[in-house]
Amino acid sequence: MEKFLIDFKERFPEMAHLDDKMLQAAGMIVEAMAAGHTLFACGNGGSASDSDHITGELLKGFKSLRPLKPELKEKFSVYGDKGREMADKLQYGLRAVSLTSHPAFTTAFLNDVDGQLIFAQQLFALGREGDVLIGISTSGNAENVKSCFMTAKVMGVKTILLTGKDGGACASLADCEIRVPEQETYKIQEMHLPIYHTLCLMIEDHFYGI
């Protein structure tokens with residue numbers, strides 16, 4: 001895991017001081033996933049895309065192809081050539097869910113109940129004690145992310161905040177804060193990408209080796 005953190009620090013020296021926080025965040029996620037728990041992610045606007053990006057890297061191979069074990073491939077072989085083809089293409093995934101990816105639910109709940117609770121409601125329905133939530137807010141003040149963090153606290157879900165220099169209102173609710181040294185939204189978002197790419201590499205390396 002740490003080789004990717006070393007590479008990150010060399011490529012982004014302005015964020016080298018975040019290494020302990022990133023190691024903490026990766027450790028939280030690895031511990032949860034090793035116990036069969038799920039990683040959730042949420043954010044707004046560009047950070048919603050980041051939420052999808054994070055989960056997308058974990059649900060399939062990122063740097064590692066994660067091929068199926070022979071005994072599992074054998075089970076697919078009962079379906080003949082199609083089954084063997086599927087077994088050669090399917091990859092092991094890690095349990096990760098983006099709370100930004102359910103538009104039918106989101107629009108219904110926003111219209112019928114309360115738009116500030118669209119992430120909180122999903123976490124309440126899908127989350128379990130021992131899961132982990134990554135909340136992304138450049139200001140740290142997004143109300144729907146804050147509400148989701150509050151729900152996580154009630155449920156025993158660990159929380160990781162990706163944010164900007166100030167941390168905002170969500171900082172006091174997070175178990176792990178990763179604050180990048182910028183204050184403008186687009187600059188914060190530019191720094192978030194290499195952070196979560198590195199976290200995904202660290203997590204994948206732990207489970208599958210790279």
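Brief remarks on what is shown
- Positions within segment 155-166 being buried (at least 18 other Cβ atoms within 10 Å of the Cβ) and either of a type in the set (Lys, Arg) or farther than 17 Å from SER98 by Cα (or both), in sequence order: LYS158, THR163, GLY164
- Test: residue in segment 132-151 that is farther than 22 Å from GLY45 by Cα and either at pLDDT 95 or above or in contact with a Cys (Cβ under 7 Å, 6 or more places away or on another chain) (or both): no
- Yes/no for LYS82 being free of Cβ contacts under 8 Å to residues at least 40 places away in the same chain and within 24 Å of HIS206 (Cβ to Cβ): no
- Any hit, segment 97-113, residues being of a type in the set (Gly, Ala, Ser) and within 13 Å of CYS42 (Cβ to Cβ): yes
- Check on GLY61, on the phi > 0 side of the Ramachandran plot and not in a helix (DSSP H, G or I): no
- Residues located in segment 177-199, provided they are surrounded by fewer than 16 Cβ atoms within 10 Å (Cβ to Cβ) and of a type outside the set (D, E, K, R): PRO181, GLN183, THR185, TYR186, LEU193, PRO194
- Just one of the numbered conditions (1) in contact (Cβ under 8 Å) with a residue 40 or more places away in the chain; (2) more than 25 Å from GLY130 (Cβ to Cβ); (3) assigned to a helix (DSSP H, G or I) is not true of SER77: (1).
- Of the helices (runs of 4 or more DSSP H) contained entirely in segment 99-205, those carrying at least 3 residues that are touching a residue at least 12 places away in the same chain (Cβ under 8 Å) and charged (D, E, K, R) fall at 143-155.
- Subset of segment 1-54 (residues that are over 26 Å from ARG128 (Cα atoms) and charged (D, E, K, R)): GLU2, LYS3, ASP7, LYS9, GLU10, ARG11, GLU14, ASP19, ASP20
- Selection of first residues in segment 32-55 that are within 17 Å of HIS206 (Cβ to Cβ) and of second residues that are at pLDDT 95 or above and part of a helix (DSSP H, G or I), restricted to Cβ pairs under 7 Å at least 6 apart or on distinct chains, gives the following pairs, ordered by first then second residue: LEU39/ILE29; LEU39/ALA32; LEU39/MET33; LEU39/LEU58; ILE54/TYR196; ILE54/CYS200.
- Annotation note: of ALA142, ALA125, ALA152, ALA174, the sole residue that is buried (at least 20 other Cβ atoms within 10 Å of the Cβ) and over 15 Å from the mean Cα position of the chain (by Cα) is ALA142.
- Taking the listed residues MET86, MET28, MET33, MET1, the one that is at pLDDT below 95 and either more than 26 Å from GLU184 (Cα to Cα) or in contact with a strand residue (DSSP E or B) (Cβ under 6 Å, 6 or more places away or on another chain) (or both) is MET1, with no other qualifying.
The values are calculated or read from the model by the stated rules, or taken from the named source; none is laboratory data. The structure presented is a predicted model; accordingly, all values stated were derived computationally and were not measured. Glycine gets a Cβ as well: all are built from the backbone with ideal geometry, and neighbour counts include every protein chain shown.
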